[in-house]
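Here is the structure we will look at.
Just so it is clear, none of the values below were taken in a lab; they were calculated from the coordinates. Being a predicted model, the structure only gives us computed values, none of them experimental. Cβ atoms come from the backbone with ideal geometry, glycine included; neighbour counts cover every protein chain shown.
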Amino acid sequence: MLSLSRLFARIALIAALAGATSSNASPATDLVFSAEALNNIPARSEVTYLHERSGTGEKLFHPVNGTASLRLQPGSDGNQVILTMREDGKLRSQTPFPADVGNPLVMAFLEYTLRSMAQSTGGSPFYLRNRIKDSLRSGGTVENVTVKINGEDIKAQDVVFRPFMQDPNAPKMGDFARLELHFVVAQSVPGGFVRFQAATPDKDGKRLYREVIEYATLSRQE
């Protein structure tokens, strides 16, 4: 389980980035850090996502085949969302977050990406984190897309950030210089997100690194 200090640090970062969603923030930032992302999760329900980390550089980072889930429950200071991460069926972490700061998978996904990139490139996590934060604040691109969920076509928006394309240290980053962060957002999907994806360039069907957290099911919890 995450320490309280790390938990509060994550919440503070969510609040700081969400707070940037004002009149001077980009539409991309607004979409990803919406504080209302969890509003459409029904009471006593759990949203489950599939979580995979893979690539040709698996020796440089920890591969994952697991799940993530979000469950709303009452807390002493309002509703909480419990984020549960499992790998190979084993519980890895279970962490409570306030339900009014947005989807906590945004920060979990970004932390996993940062950690894998730092392990793979040997770069400073602090430098990489700041570049990613700058990119998220300055805004990415937004494209209207259609995704299929349970056989139904759903209207969504693909929000894309490329944190290192203009970075002066990009030549030292190899394939990670062209890392793309995709957030597929859909208000009609419980939890507000269809997919989180971080990936280096596709080279003949292979990638050095790819991380995906994708919506799977909504289930009733008694």
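If I build a Gaussian network model for the chain, linking alpha-carbon pairs within less than 10 angstrom, which residue out of Asn150, Asn65, Asn40 has the largest mean-square fluctuation?
Maximum fluctuation in the GNM of the chain, among the listed residues, is at Asn150.
Regarding the chain, what is the average projected area of its C-alpha convex hull, in nm²?
Orientation-averaged projected area of the Cα hull: 13.0 nm².
Using a Förster distance of 45 Å, how high is the FRET efficiency between Ala170 and Asn65, based on the Cβ-Cβ distance and rounded to 0.05?
0.90
As I understand it, the value is the acute angle between the Cα axis of helix 4-19 and the longest principal axis of the Cα atoms of the chain; what does it come to in degrees, rounded to 10?
80 degrees
Rounded to the nearest 20 Debye, what is the dipole magnitude of the range 4-220 about its Cα centre when Lys and Arg each give +1 and Asp and Glu each give -1 at the C-beta?
540 debye
As a check on your grasp of the helix formula, calculate [θ] at 222 nm for the chain: sum -39500 (n - 2.57) over DSSP H runs of n ≥ 4, divide by the residue count, round to the nearest 500.
-7500 deg cm²/dmol
Quick check on packing: order 201-209, 168-176, 41-49, 107-115 by the mean number of other C-beta atoms within 10 Å, highest mean leading.
Top to bottom by mean Cβ count within 10 Å: 107-115, 41-49, 168-176, 201-209.
Using only Cα atoms, tell me the angle between helix 125-138 and the longest principal axis of the chain; keep it within 0 to 90° and round to the nearest 10.
70 degrees
Take peptides 28-34, 87-93 and line them up by average Cβ neighbours within 10 Å, highest first, as a rough protection proxy.
Ranking, from highest mean packing down: 28-34, 87-93.
Roughly what angle does helix 105-121 make with the longest principal axis of the chain, taking Cα atoms, 0 to 90 degrees, to the nearest 10?
For helix 105-121, the angle is close to 20 degrees.
Multiplying the sequence separation of Asn39 and Lys155 by 0.36 nm and subtracting their Cα-Cα distance, what value in nm do you get?
Length gained, Asn39 through Lys155: 40.0 nm.
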